[in-house]
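Below: the structure, in structure tokens.
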Amino acid sequence: MYSAGTESLIKQAREIGEEELQKFYCRITKQLMGKEHGHDVIDSLQRLHLIMASTKYTRRLPVELHQRLLSLCVSSSVEQLTVLTSAVLRETLPPSGPGQIYTLHDHSPLPSHTAALMLSQAGSKEDLSALSSLLLRSLEGRPAGILSHLHTLPLLNTIITYCPESLTEDHVTLLSKRLVDWLRYASVQQGGVASSGGFFTGPRIRQPGPVVELDGCVCGDFFTVLCVSQAFSDDQWMNLYSFSLLRHWLITYHNVTDGNNSTDADDRSEVDGSVVSMVSATSSSSRLLPPKERLREKSFQYCQRLIEQSDRKALKRTDTELQKACLVEAVRILDGVCVEDAGCVYRAFPCVKSLFGRLNSDLSCSRVLLPIAQFYLNHGETAAVDSECVWRCVFGVLPAECFNDPYLAHETLSFIRANQLQLHSSVPLYTHYFPSLLKFLAWDSPGLVSDYVDVLPSLVTAGTAVELLHSLLDLPCLTAALTLQLRSACFPVSEPGGRGLSSLEAFRSPAHRGLFLFLLRGEAGSGDTMDRLSVLHDLLMEAADWSRVIQSAQSVPVLLHVYFNTVTTVSDERLLAQLVLVLLERSSLLLNIPKYTAEIHRVFSHHLLKLCKLHPSLVVDQSRELLEFAGTTTNIHSKEDLYTHVVWVLGEYLSVSFDSRCSVDLVTSCFEALEAVLFEITSSGSPSPRVVTSLLSALAKLASRSHDLIPRVSLFLSKLRSGAVSWCGSEEDVVAVVTRGEELWSLLKLPSVALSVLTPPSLATSPRWHRDANATLPPRLRTLTGLTDTR
Amino acid sequence: MPGVASRQITTLSLSTLSLSLLHPSLYSIPLSTPSLSLLHPSLRQVRSAVTLSREASGRVLVETVLGEELVALQEADSGVQRLGRGEPWAGERSALWLGVQSLAFTLVTEPHENLLLAEGTLKNITRHCLEHLRMLGMGSEVLLKSDRIDVLLHRLLPHGQLLFLNHRFTQSLEKELANYMAQ
């Protein structure tokens, strides 16, 4: 594919010389002058198109050539010429001057390719309005070349995508009427002339029969896109095009939202419901409705018919896929219609409910269940229906069974993102299913991490916080487990000769069943984490270099940031204390993927600081665990980053000014623990200067709060001053450590100064100098002097 | 105002070609500001999505040659990538992709459109592209016969409109296409 030949062709086309190009233009112009347009003309046009398209800037064609191409585009009956000329002309847009704009003459019918060209160069609402008027005029007149207006609806769809206001009220009304005709009243006879067969058929043309359903039965009701025939008549084609744009039309012109929660839906339904509900209940009187409402009613009927038709077993596989797509569209249109007119809910609900009952056990129809869920979310309350089974299916079962379906994942996440607020209020069980929902992310992290960044905050509640943190940290393990689950299903029998993965063996063995079952659970609430987590990590060690697991590990830090930023808003101090414990505990309990542990420690350090700054009394609360962590010298080597932060936090916040429970004994025991560590690391081995300086600072801070400790610290610091730093590595490190030692030693010589510097009152740490009356006097005077001094 | 195309089919290369093979004739919605560089962010995203997906699945690519289009299509991997606001469209979009050998075919849809239908449409169009442009071979039909792509899109995705085609409607359109391609 894409050989060097292709590359060089593009290069050649780009680098064509100006002279050669002009000659080429002349040649083509001459060729196009002739009456006959054979293969050589086609070839030239194709080359011209290649040249125009490969150039990165817009080329201008000579005027004569330009005109010739335009007239061919509009008037030629050979499709290839129309296509090529319109493609070439498209490459000349945007027009540089007024002379180059293609003016709309009254060419009716407007060939589809030409109309596309007109659309390309439309630069304003007026242009679009003019084009749409032309298109609608051609619809009204029903000219002889009927097929050419078969693309009118797609064209109009494009126009209304860019500029819905380009159609006037009258246009909308007119089109609503035509859409009703095409949707509801298309012919049910097979269109076109059936082939005249062979020898035995006479001049009498065989009567085309009625259209049939997808399973071969004769069609019993009005024509829809799920009806087949040997050949289709024009109005049947228009039925297809009408349905294809129906939803977009309704969304644009009927104030129907995308089916998502609309805050004024209640108000509107009060007004509409009282007026229209009587009529919508009896469809036979729909003739009396104004065009828009009539279209709504016919759309409703069309969708109901589609839902019923989808129950039939289609003879072809592509038709089965189409049935599912039609179901999705039909349910979404019904949803929209019910949002617009709440009276329709009572008619629509039985239909949607039975559809759910039919499909919820069929995994191949999983995509259809999402629009149904949206319908339940929007109208479940109105119809007073219990939606629990729907949520269990959509949030619990589907992600667990179909985690590797990228489309389902995408649509589920879009659904959640669009309805977050409403899910939070109407579906309290939603957060309960987070273990299941995380499976999508575990399988395809790069594709879905941005969605989860949006969705994760809604999953963080006081009830799920701790379990969720554990689950996020074990996301790579979940990825590995899901991979093993799939592999186990694909290869149920173990490979002979012991060539299989040891992790796969572990997955299948009954001894470890419990671990994997917990990891792959679908609902929260059965425990925060498992006991034998380290066993699990050992079993999954070989998974640490699987690409999917590595990708999953890369997405965890981002999500942890989102998690921690959210959790502080929903937790009380008790819960935060628990989280600090989890932090400390899990720092050594992570799947051993390169760089993963270091990244997680970085995130932990950052958020430990933030948590303690927000709630300084946490430090006193959890002092025992923090001290235990700080007192274990092995932590220095394996988790230096986190260690220094813990030490810092202890030094900073273990003070009576932050929590009155902080006793002198507590300060002393903390001091002693840190002192012991400092002595140990400086007497054996070469500790990192960062660790040493943070320990020194912490010790100094603690000493400033309990003055008996000052002599002990000062002794060590004076030793530093005298240069006993044999354990230090490089010259810079020596300088750093000695300087810090110096500073602290001088500070501690004046205990009261040390206290105010090392344990400043909160007023000093959040300065508002401009508000303090005393502090601002000098700057104010200076400013005034500067302004008034004329010298 | 008609700005950047809301629907296009683009072919982009996953090999080491430095050219971004953004074939302008594959746009079925015309551009009034044909600034190709605007589209690069979304293509880059799709390209990385396809690469990452293939890396994760660890599947070995089976080389296919001319005549084995159906096999190539069966082996193709697919997915969908969310394009957020400003990447580069003002609103959100979804980019469906189908990776056949070293090419990724992309279809960008708006939020209100039917993804299931788009999936089927993309597969169908890709099959036709592979067949009629002989993309599994070494030729350059994709450049020299670019009108075929226009006509293909014109029938199956007219002006960017997704169509609910059952097998009979499709057959009818494919017959017209076959007539055109035979010229």
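The values are calculated or read from the model by the stated rules, or taken from the named source; none is laboratory data. None of the values given here were measured: they were computed from a predicted structure. We place every Cβ from the backbone using ideal geometry, glycine too, and count neighbours over all the protein chains shown. In case anyone asks, the SASA skips ligands and DNA or RNA and just uses the protein heavy atoms, side chains included. Shrake-Rupley method; radii C 1.70, N 1.55, O 1.52, S 1.80 Å.
Before moving on, here are some points about what is shown:
- Potential lengthening between A:GLN12 and A:SER77 on full extension [0.36 nm per residue; Cα-Cα distance subtracted]: 20.2 nm
- Summing +1 for each Lys or Arg and -1 for each Asp or Glu among the other residues whose beta-carbon sits under 12 angstrom from that of B:ALA178 gives 0.
- Inter-label distance, nm, simple model (7 Å from Cα along the C-beta direction), A:ASP641/A:ARG513: 4.0 nm
- Total formal charge among the other residues, if their Cβ is under 13 angstrom from that of A:ASP528, Lys/Arg +1 and Asp/Glu -1: -2
- Shielding of A:80-91 by partner chains, average beta-carbon count, 10 Å: 4
- Gain in span if fully extended, A:LYS35 to A:ASN404, counting 0.36 nm per residue against the direct Cα distance: 127.0 nm
- The angle between the Cα long axis of helix A:689-705 and the longest principal axis of the Cα atoms of chain A comes to about 60 degrees, rounded to the nearest 10.
- Karplus 3J(HN,Hα) series, Hz, for segment A:449-466 with 6.51 cos²θ - 1.76 cosθ + 1.60 (x for Gly, Pro): 4, 5, 5, 5, 4, 6, 8, 4, x, 6, 8, 8, 10, 4, x, 9, 3, 5
- Per-pair calculated FRET efficiency, R0 = 41 Å: A:THR785 and A:THR739 via Cβ, rounded to 0.05: 0.55
- Within the shell of other residues whose beta carbon sits under 11 angstrom from the beta carbon of A:HIS601, the net charge comes to +1, with Lys and Arg scored +1 and Asp and Glu -1.
- Placing unit charges on the Cβ atoms only, positive for Lys and Arg and negative for Asp and Glu, gives chain A a dipole magnitude near 1120 debye about its Cα centre.
- Counting only protein heavy atoms and a probe of 1.4 Å, the accessible surface of chain A is 55% carbon and sulfur.
- Crossing angle, helix A:234-253 versus chain A [Cα axis fit, 0-90 degrees, rounded to tens]: 40 degrees
- One chain, two ends: A:LYS313 and A:ARG358. Fully extended at 0.36 nm per residue, the span grows by 14.9 nm beyond their Cα-Cα distance.
- A crude spin-label estimate for the pair A:SER684 and A:THR568, with each label 7 Å from Cα along the Cβ direction, gives 4.0 nm.
- For segment A:635-789, the solvent-accessible area works out to 54 Å² per residue, with a probe of 1.4 Å and every protein chain left in place.
- Buried accessible surface for the A/B chain pair comes to about 7100 Å², total over both chains, computed with a 1.4 Å probe.
- Helix A:406-418 and the long axis of chain A differ in direction by around 80°, with both axes built from C-alpha atoms.
- Of the peptides A:747-754, A:113-120, the ranking by mean beta-carbon count within 10 Å, highest at the top, reads A:113-120, A:747-754.
- Value at 222 nm in deg cm²/dmol, rounded to 500, when DSSP H runs of n ≥ 4 in the protein assembly as shown each add -39,500 (n - 2.57): -19000 deg cm²/dmol
- A 1.4 Å probe, protein heavy atoms only, puts the accessible area of A:ASP405 near 40 Å².
- Averaged over A:243-249, number of beta-carbon atoms from partner chains that fall within 10 Å: 3
- Computed from the C-beta positions of A:CYS389 and A:LEU421, the FRET efficiency with R₀ = 30 Å rounds to 0.85.
- The protein assembly as shown pair-distance distribution - Cα-Cα, 20 Å bins, rounded %: 11, 34, 30, 18, 6, 0, 0
- Distances between placed amide hydrogens fall under 5 Å for B:LEU162 paired with no residue 5 or more residues away or on another chain.
- Which listed pairs, of A:LYS313/A:LYS353; A:LYS595/A:LYS701; A:LYS613/A:LYS639; A:LYS56/B:LYS145; A:LYS313/B:LYS145; A:LYS23/B:LYS123, have C-alpha distances above 30 Å, in listed order: A:LYS595/A:LYS701; A:LYS313/B:LYS145; A:LYS23/B:LYS123
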